[in-house]
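Comments concern the structure below.
The values are calculated or read from the model by the stated rules, or taken from the named source; none is laboratory data. None of these values were measured; they are calculated from a predicted model. Note: ideal-geometry Cβ built from the backbone for every residue, glycine included; neighbour counts use all protein chains shown. In case anyone asks, the SASA skips ligands and DNA or RNA and just uses the protein heavy atoms, side chains included. Shrake-Rupley method; radii C 1.70, N 1.55, O 1.52, S 1.80 Å.
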Amino acid sequence: MIDIDDDVNLKKLQKIQSHCRKIHVQKELIKIRNEYESIFNEIEGVESDLKVVWPNESIPICYPKFVSKKQSLKSSASKIVSLKTPILKDEKRDSALKDFNQIDDIEKINYLELDNLKKMSKTELISVRESVSLEMLWIQQAIQSRIQYLKLKKNLENQRMITKLKMGEKLIDNPLKTFGLIAAGALFGYTIAKSRFTSRTQPKVTFNYKDIIRVHDSTSLLKYVRGKLKKYPPSLERKTIRLADDGGYDPTNEFRVMQWNILAKALCYQEGESKIPTEAYDWSNYRLWRTLEELIRHNSDILCIEEVDVYEEIKPYLHSIGYTSVFCPKFFSPCLEMESNVGPDGCAIFYRLANFELVNMSCEKIVLNSYINSQVFIILQLKHKPTKRNITLVCLHLKSKIEYHEKRQSQIAEVLKALKSHLIGSFENETIDKHPVLLLGDFNGEPFEKFYNLIETDTELFLRDAYTLESGLKEPTTIKLKRYNTEMIRRAIDYIFYTPQSLRLTEYLALPLDDETMNQHGLPNLSHSSDHLSLIASFKFI
C-alpha cells in the first residue's frame, strides 16, 4: 500500500487513479460504440451498403460517420479507431499498470477522499473533479440515449406510436426500415450534439463535494445555500392558500409537488439595455444558489423541473437530502447552439425516497408524422409509501413560441395517448379514470389554445388545472421584458393538472404578482433566478 503521507507517493497515487479512471472510461466508450454499431446493423440489415466509422479517437465520444462499404477509406484510415483495445500510449499504460499492481486495496481508494489531504492543492482537486464528472456525464448520456432509442424502436415495431409511414403516395409496409436512418442519426446526434458538446465549449461541472457531504438534511443545506446569498435581497415571498374543503391536514396522506422551469444556464443572458443587474445572470455565484434555495425551501416531496442543463450539478445537492431523480435530455437542445453551453437541457423529476418508491419510469420523445420533435416528457409511476397508493406523473416541456399553437395541440395529443397506454393494465383493480395522475410542465401556451381544451375535455382522465382561479382566469407564470425592452410579456404557460376524482387539492402557493421589482423589470432578478415562477400545490389521495 502506498503511504499517502509521503508527498512523492501522493503524486504517484493521484497518477495511478487518473490512469485507472481513463482506462475504465475508455472501456465503457468502446462498449458503447460496439453496441451502437450493433443497433445500426440491426436496423440496416446485412445487405445494407452503409457502415459506421469513427473519425476521431479522442475522449469524449465523437459523432459517427455513415459511409458506403465500397468507399475508399485510405485517406482517413489513420484516423479510424480500433475498437478492440483502450486508447492509451504504451508508455503511460505500462507505467499505470506497474503502479496499479503495487496496491492491494485499490478498490477502497475513493478519489473524493483526496479532499481531506492537505498536500493536494485546490486547483488539482477542481481539475480531478471536473474531469471525472464530465467523463461520466458523457457516458451517462450515451447510455441513456441507447435506452431511449431502443424503446422508441420497440414502440415502432409494435406499431403503438405509428402504424404506417407515408412517403408521397406510397405506403411503406415496414415503418422501422424507413424510420431507421432518422433514429440512427439522432442516437448520437442528440447525445453528443454533433460534436459541438466539445468543439465549441469546454463544459465545467463545479461540484462542491466537501460541502455536500457536510450537510445531512434540508435545513442545514438551506442554511448553507442562503449563506451564499447574503449580499442579495431575499427570495420572493409566497403566501399559502389552504382550501376550505381540504378535509383537514393529514401528514400521512398529504404530499406537495413543485412545477418549475428553472431557466437553462446556457439560455440565461442579458438582452438589450436591461435594468436588471448583471449579477442576476451569473450562474456560479448567484443563480445556482437561488435555484437550489427555491427547490429546497418549499419542502416539496416531488420536484418536476424543465430546461435543466445543469442536472449533474444540482443532483448531488438534492440527493444529499433524501431525493432521487430521473433525467431525460432533449434530442436537439437549443442550449447546444450557445457558445457557453454545458450540454443539452431536458426534463427532470426529483422525489423523496422517504415518501415514494419507484414503480415504473419512461423517458419519451414526441414523434409526429415520423418526425422526432426536440421536446421530451417523462412518465413516472410511484408508490406513496404511507398510503400504499400508486400515482403517475408526467413532466413535459412543449414547443415554444405563440405561432406553434397547433403543434402544441398535436404534441399534447401524443402525450395523452402515451400516458393512457402506460396506464392500461398497469395496476390491478384500478381503471384509468380512478388512477391518480399529475400532468405538469411548461406547456408554452395559454388556456385559450386548443391543447388546454383537449386536456380538460378528455373523458378518460378528467384532468383539472390546479392554478385556475375561482373566476376561471389564469395568472401569469412568466413575466419578462421583450427583447430590446419594448414591452413586458406576461403569460400563463405553466400548469399542474390533476385528477380530482382520485386526488384532492388541499393547498397551493399564490403567485407573488405584487412584487414591485418583478413588475417593473421582469424576471430573472436578484430575488428569483428564473424567468418562470414556480407552481407549488399539495394533494391528498381520495
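Figures for the structure shown
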| read-out | value |
| --- | --- |
| Selection count where residues are of a type outside the set (S, T, N, Q) and open to solvent by 40 Å² or more (accessible area, probe 1.4 Å), scope region 481-502 | 9 |
| Candidates Leu513, Leu505 - the one that is open to solvent by 30 Å² or more (accessible area, probe 1.4 Å) and either at pLDDT 95 or above or in a loop (DSSP other than H, G, I, E, B) (or both) | Leu513 |
| Lone qualifier among Asp442, Asp433 - being open to solvent by 20 Å² or more (accessible area, probe 1.4 Å) and touching a Leu at 6+ places or on another chain (Cβ under 8 Å) | Asp433 |
| Selected residue (criterion: nearest to Leu303 (Cα to Cα)) from residues of region 251-289 that are β-branched (Val, Ile, Thr) and surrounded by 13 or more Cβ atoms within 10 Å (Cβ to Cβ) | Val257 |
| Residue within region 255-262 that is under 26 Å from Tyr311 (Cα atoms), of a type in the set (Phe, Trp, Tyr) and in a strand (DSSP E or B) present | yes |
| Pairs where the first residue, in region 331-352, is in a loop (DSSP other than H, G, I, E, B) and the second is of a type in the set (Gly, Ala, Ser) and open to solvent by 10 Å² or more (accessible area, probe 1.4 Å), C-beta under 8 Å, 6+ apart | Phe331/Ser374; Phe332/Ser374; Ser333/Ser374 |
| Members of region 479-496 found to be within 17 Å of Ile402 (Cβ to Cβ) and in contact (Cβ under 8 Å) with a residue 60 or more places away in the chain, listed by number | Leu481, Arg483, Asp494, Tyr495 |
| Members of region 361-389 found to be at pLDDT 90 or above and polar (S, T, N, Q), listed by number | Gln375, Gln381, Thr387 |
| Those residues of region 516-541 which are farther than 19 Å from Ile262 by Cα and modelled with pLDDT of 95 or more, in sequence order | Ser538, Phe539, Lys540, Phe541 |
| Index of the failed condition, Glu312 passing every other in (1) surrounded by 18 or more Cβ atoms within 10 Å (Cβ to Cβ); (2) in a strand (DSSP E or B) | (2) |
